């Protein structure tokens, strides 16, 4: 680790030159009412916009905003984590709505097209 750290540039020094966008999502395939269904739920972060706002790459949003949103939901009591639970077991609507408010909007693509996901 020390050698790698010594020879690689500081990641923060790379941020001003980053362009392009991240795209993080899930493709979900299954059956609904006996019919095949495929849904792509995702978010996109723009590197330049992120740098202009917070001085870092778009990955800052994709790595930093979700845990902060989760902590807010736990602190407000919207997510009851009194028992051990996987995040997938918690209601997604308040989480996705909060991500939208925090600058990491979620989109959905399915048979109805590609659109913003809101609650």
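The values are calculated or read from the model by the stated rules, or taken from the named source; none is laboratory data. It should be emphasised that the depicted structure is a prediction, and the values quoted were computed from it without experimental measurement. As a convention, Cβ positions derive from the backbone with ideal geometry for all residues, glycine included, and neighbour counts pool all protein chains shown.
Kindly check whether there is at least one residue in the stretch 47-61 that is touching a strand residue (DSSP E or B) at 6+ places or on another chain (Cβ under 6 Å) and free of Cβ contacts under 8 Å to residues at least 24 places away in the same chain. Among the residues of the stretch 47-61, not one is touching a strand residue (DSSP E or B) at 6+ places or on another chain (Cβ under 6 Å) and free of Cβ contacts under 8 Å to residues at least 24 places away in the same chain, which makes the answer no.
Residues considered: 36, 10, 26. Of these, the only one that is modelled with pLDDT of 85 or more and more than 22 Å from residue 101 (Cβ to Cβ) is 36.
Quick check on residue 63: is it in contact with a helix residue (DSSP H, G or I) (Cβ under 8 Å, 6 or more places away or on another chain) and within 27 Å of residue 20 (Cα to Cα)?
no
Picking from residues in the stretch 67-89 that are modelled with pLDDT under 90 and closer than 19 Å to residue 105 by Cα, the one that is surrounded by the most Cβ atoms within 10 Å (Cβ to Cβ) is 87.
Within the stretch 42-68, the set of residues being under 29 Å from residue 112 (Cβ atoms) and within 10 Å of the chain's Cα centre (by Cα) comprises 42, 43, 44, 45, 61, 62, 65, 66. Just so you know, in the stretch 77-89 the residues that are free of Cβ contacts under 8 Å to residues at least 12 places away in the same chain and touching a helix residue (DSSP H, G or I) at 6+ places or on another chain (Cβ under 9 Å) include one that is farthest from residue 117 (Cα to Cα), and it is 81.
Restricting 103, 113 to residues that are out of contact with any helix residue (DSSP H, G or I) (no Cβ under 7 Å at 6 or more places or on another chain) and surrounded by fewer than 16 Cβ atoms within 10 Å (Cβ to Cβ) narrows the list to 113.
Applying the condition of being within 21 Å of residue 21 (Cα to Cα) and part of a strand (DSSP E or B) to the stretch 71-112 and asking which residue is nearest to the chain's Cα centre (by Cα) yields 106. Out of everything in the stretch 17-53 that is in contact with a helix residue (DSSP H, G or I) (Cβ under 6 Å, 6 or more places away or on another chain) and part of a helix (DSSP H, G or I), what residue ends up being surrounded by the fewest Cβ atoms within 10 Å (Cβ to Cβ)? So the residue we want is 51.
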